[in-house]
Amino acid sequence: MEIINMAQLNETQIIQAAQILTDSIPIGWPTLQDALDEINRLLIPENTMLAAVEKDIVLGWGGILPGYNGNVFEIHPLAVRGDRRKQGIGRAIIAALEDEARKQGGMTIYLGADDERGNGETSFANVDLYDDLPEKIKSFSPGTHQSGFYLKLGYKIIGVMPDANGIGKPDIYFGKSLRKL
């Protein structure tokens with residue numbers, strides 16, 4: 001497996017990447033065309049979009065978007081083929097994105113992770129997050145949510161937007177310092 005810039009992908013591989021996005025995050029990109037539109041929107045010079053490729057097959061991909069004059073980068077999105085999850089592909093993509101953000105002078109990297117599926121996946125779902133949020137953050141449980149993946153990679157909860165996706169469906173913000181202390 002190699003991690004390459006998505007600008008190097010051919011049309012077939014871009015379609016593979018779009019299918020992975022639709023399959024992984026159907027709430028955000030329900031159709032292949034929605035996912036293709038998102039990829040085209042993101043594939044601009046100021047963003048860094050990377051794909052994990054093996055034998056010309058896209059296994060997953062992700063990107064970073066600069067903000068705050070290049071001091072902060074947002075991970076958006078990260079998607080890995082369902083049949084290739086839990087094999088280190090997402091971890092490799094995130095590590096490469098973190099390296100790219102550092103090379104570009106980034107000091108912080110962050111992402112938003114919506115808890116909006118069904119009845120919720122985390123301990124933040126369907127609770128009043130305005131009531132003692134610090135304690136809720138302290139006792140956070142990721143459940144089946146992707147936030148468990150980011151916590152294992154050293155990301156910390158840096159904020160929560162209650163009801164971002166409807167009542168009891170928050171957006172959880174995770175961040176990590178890229179500075180060498």
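Put one equal scatterer on each alpha carbon of the stretch 1-106, apply the Debye formula with no solvent term, and list log10 I(q)/I(0) at q = 0.24 1/Å to two decimals. Scattering profile of the stretch 1-106, log10 relative to I(0): -1.37. Pairs of C-alpha atoms in the stretch 113-181 farther apart than 17 Å represent 37 percent of all such pairs.
Principal axis extents of the Cα atoms in the stretch 45-124, from largest to smallest and rounded to whole angstrom, are 40, 37, 19.
Between Ile44 and Ser123, the contour length at 0.36 nm per residue exceeds the Cα-Cα span by 24.8 nm. Summarising the amide proton neighbourhood of His76: residues at separation of 5 or more, or on other chains, whose placed amide H is nearer than 5 Å comprise Gly63, Ile64, Leu65. For the chain, what does the helix formula give at 222 nm: sum of -39500 (n - 2.57) over DSSP H segments with n ≥ 4, over the residue count, nearest 500 deg cm²/dmol? Value at 222 nm, helices only, nearest 500: -8500 deg cm²/dmol. Stretching Ile27 away from Asp163 to a fully extended chain increases their span by 47.4 nm, per 0.36 nm per residue minus the current alpha-carbon distance. Label point of Glu2 set 7 angstrom out along Cα-Cβ; within the stretch 34-67, amide nitrogens under 11 Å from it belong to 53-56.
Most simply put, the chain has about 90% antiparallel DSSP beta bridges, counting only bridges with both residues inside it. Of the cross-linked pairs Lys138/Lys180; Lys138/Lys169; Lys103/Lys136, which ones have a Cα-Cα span greater than 29 Å in the structure shown? Beyond 29 Å: Lys103/Lys136. Using a basic spin-label model with each label point 7 Å from the Cα along Cα→Cβ, how many nm lie between Gln19 and Asp132? Result: 4.9 nm between the two label points.
Contact order, relative form, for the stretch 1-144: 19 percent (alpha carbon pairs under 8 Å, 6 or more residues apart, mean separation divided by residue count). Determine which aspartates and glutamates satisfy two conditions relative to Lys55: a Cα distance under 13 Å, and not lying fewer than 8 residues away in the same chain. Hits, sequence-local ones excluded: Glu2.
Readers should treat all values here as calculations from the given coordinates under stated rules, not as data from a laboratory. Everything numeric here is computed off the predicted structure, so don't read it as measured data. All Cβ positions, even for glycine, are placed from backbone atoms using ideal geometry, and neighbour counts span all protein chains on display.
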